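Read-outs: derived from the displayed coordinates by stated rules, not from any lab. Because the structure is predicted, anything quoted here is derived from the model rather than measured. We place every Cβ from the backbone using ideal geometry, glycine too, and count neighbours over all the protein chains shown.
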Amino acid sequence: MNKNTSSIARRLNWSWTLEKFSTYFFVDILVIAAVIAGWCYYVEKGYFEDFSLRAEQRTIWANQEELEQIEGERGLSVSERLDRTFQEVFYVVKYDDGRSVTKNMYPLFMSMFYIGRIVLVLELFDIIMTLCFGVIGIRRKLKPLDDMAKRAEELGRIAFDESKYANLESAIEHLNPEEQDGVVSTGNKDLEGVEIAINNLLARMRESYRQQSRFVSDASHELRTPIAVIQGYANMLDRWGKDDEKVLEEGIEAIKHESEHMKTLVEQLLFLARGDAGRNHLDMQQISLKGIIHEVYEESGMIDEKHEYELVEDKGDVIMTGDAAMIKQSVRILVDNAAKYTQEGETIILKSGINKEMKAYFVIQDNGIGMNDSEVSHVFERFYRSDEARNRQTGGTGLGLSIAKWIIDRHGGYIEVLSRPEIGTRFTVTFS
């Protein structure tokens, strides 16, 4: 350990020793005062069976004549002088009603004297040990910092090798970011850490690029279908719909349906785009999760008459901090998703409450077609739909669960999915 570190360790140890000494000193004074006050209290309590602060006189009195005589005597040891001095100190209390007591404090002082000597020896021993050996412990704690300083000093003395960095620059220039397996590698151990950092960054960039490309491709595919349908019906109307009312009605209905589908898709795409850019505002307030679940339950029963809805509630209210509109939107998405893949006449369960960890949660459970484990791991990906349900008869855009997850994530929550084919699916949302 260098001289600077040793000097710092000694100064810290000396400062710590002084702090410990002052702490012992003030604590001892407080303990002595508390012991004397407690002893006086119990003396009065024992004599008068009560204690009152309004005493005519309450004092510690010493016999001055005896003390002067003791002071004048020669040949007395320190312990003998203290012993005789303690015998001449009394605690005196007088009340207005004539009650009084005078109690010799000799037993108290002698007990404090013998106990105090033991405590004082232990405290002095601790201070001496700290003063003599405390610097060793401080040096041990400062060793990592000392090693770091030495390492930095060694790095500063290393000669700059321009060829190493030239090789690194060349490796980066010849790297093709579009190559999935392309990495930066110079074979130099000194640059290994830099290479790892660059390659990790490249991996994240490639993954982001893949996700963006897939998102654009899926969005284009989803928009292409309704556009093609609208275009087809528009051409059919142009050819035959002018004179055929049946064709005209069918074409108009199809165009309205597909345009509504496109509107929903575009709105969801804009929602996710704003969310990715951090422009979706959340109005965080104290809200009743139980009330929101109850609202969705009543609305679902009125809108969807093809399924049975069951509400399970705890006795107390479920209060949390969140955006009520956003939370309701996520619940509605999960309920709509359950309704799409559940046969008519079957039951969808909505539940809310507080779990054992005192966290608010809600559950949406159905007994629909279910999913296997491989499908469950992808349900929150954008435009993902399981193979059994990947058709336009179920409706939807494949973005609902992605939006629900975004909302739950922004509220500090998480979603657990339990699903079995032909048995059903349960979404459990828990808020931190």
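Evaluate the chain: find the radius of gyration of its Cα atoms, find its Kirkwood radius, and give the ratio Rg to Rh.
That ratio equals 1.30.
Select from Ile293, Leu30, Gly116 the residue farthest towards the positive end of the dipole of the chain; place +1 on Cβ of Lys and Arg, -1 on Cβ of Asp and Glu, and compute about the Cα centre.
Gly116
The stretch 19-117: which trypsin sites (Lys or Arg not before Pro) are DSSP loop and have at most 13 other beta-carbon atoms within 10 angstrom?
Answer by residue number: Arg54, Arg74, Arg99.
Report the charge-dipole magnitude of the stretch 291-432 in Debye, nearest 20, computed about the Cα centre from +1 at each Lys and Arg Cβ and -1 at each Asp and Glu Cβ.
Dipole about the Cα centre, nearest 20: 480 debye.
Sort Val194, Val135 by Cβ crowding within 10 Å, fewest neighbours at the top.
Val194, Val135
Calculate the translational D of the stretch 285-431 in whole µm² s⁻¹ from Stokes-Einstein, where the hydrodynamic radius comes from the Kirkwood formula applied to all Cα pairs, the temperature is 20 °C and the viscosity 1.002 mPa s.
Stokes-Einstein gives a translational diffusion coefficient of 139 µm²/s.
Hey, what's the Cα Rg ratio for the stretch 212-276 versus the globular rule of thumb, 2.2 N^0.38 Å?
Rg over 2.2 N^0.38 Å, computed on Cα atoms: 1.40.
Determine the principal axes of the Cα atoms in the stretch 3-154, then give the extent along each, sorted from largest to smallest and rounded to whole angstroms.
Its Cα atoms span 85, 43, 19 Å along the three principal axes.
How high is the relative contact order of the stretch 205-355? Use alpha-carbon pairs under 8 Å, at least six apart in sequence, and give a whole percent.
Relative contact order for the stretch 205-355 comes out at 21 percent.
Where nothing but the Cβ of Lys and Arg (+1) and of Asp and Glu (-1) is charged, how large is the charge dipole of the chain around its Cα centre, in debye to the nearest 20?
Its charge dipole is roughly 1680 debye.
Relative contact order, percent, of the chain when contacts are C-alpha pairs under 8 Å separated by at least 6 residues?
9 percent
Greater than 30 Å separation of Cα atoms is the criterion. Which listed pairs, Lys356/Lys405; Lys20/Lys103; Lys256/Lys306; Lys141/Lys356; Lys306/Lys356, meet it?
Lys20/Lys103; Lys141/Lys356; Lys306/Lys356
What residue among Ala277, Ala34, Ala228 shows peak mean-square fluctuation when the chain is described by a Gaussian network model with Cα springs under 10 Å?
Top of the fluctuation ranking is Ala34.
Hey, fewest Cβ within 10 Å first, where do His294, His281, His261, His378 land in order?
His281, His378, His294, His261
Of Met284, Thr59, Leu311, whose Cα points farthest to the positive end of the dipole of the chain (charges on the beta-carbon: +1 Lys, Arg; -1 Asp, Glu; origin at the Cα centre)?
The one lying farthest along the dipole's positive direction is Thr59.
Taking the Cβ of Val89 as the center, what net charge do the other residues with Cβ under 11 Å away carry, scoring Lys and Arg +1 and Asp and Glu -1?
After counting each charged neighbour, the total is 0.
Please list the helices of the chain that count as membrane-span-like by this rule: a mean Kyte-Doolittle hydropathy of at least -0.5 together with Cα atoms stretching 20 Å or more along the helix axis, each helix being a complete DSSP H run.
Going by DSSP H runs, the hits are 3-48, 106-157, 192-236, 245-276, 289-303, 324-340.
Which loop-located GluC sites (Glu not before Pro) does the stretch 1-74 contain, where loop means any DSSP state but H, G, I, E or B and the Cβ has at most 11 other Cβ atoms within 10 Å?
Loop-located and lightly packed - Glu49, Glu73.
Nearest 20 debye, what's the magnitude of the dipole of the stretch 212-276 about its Cα centre given +1 on Lys and Arg Cβ and -1 on Asp and Glu Cβ?
Computed about the Cα centre, the dipole is about 300 debye.
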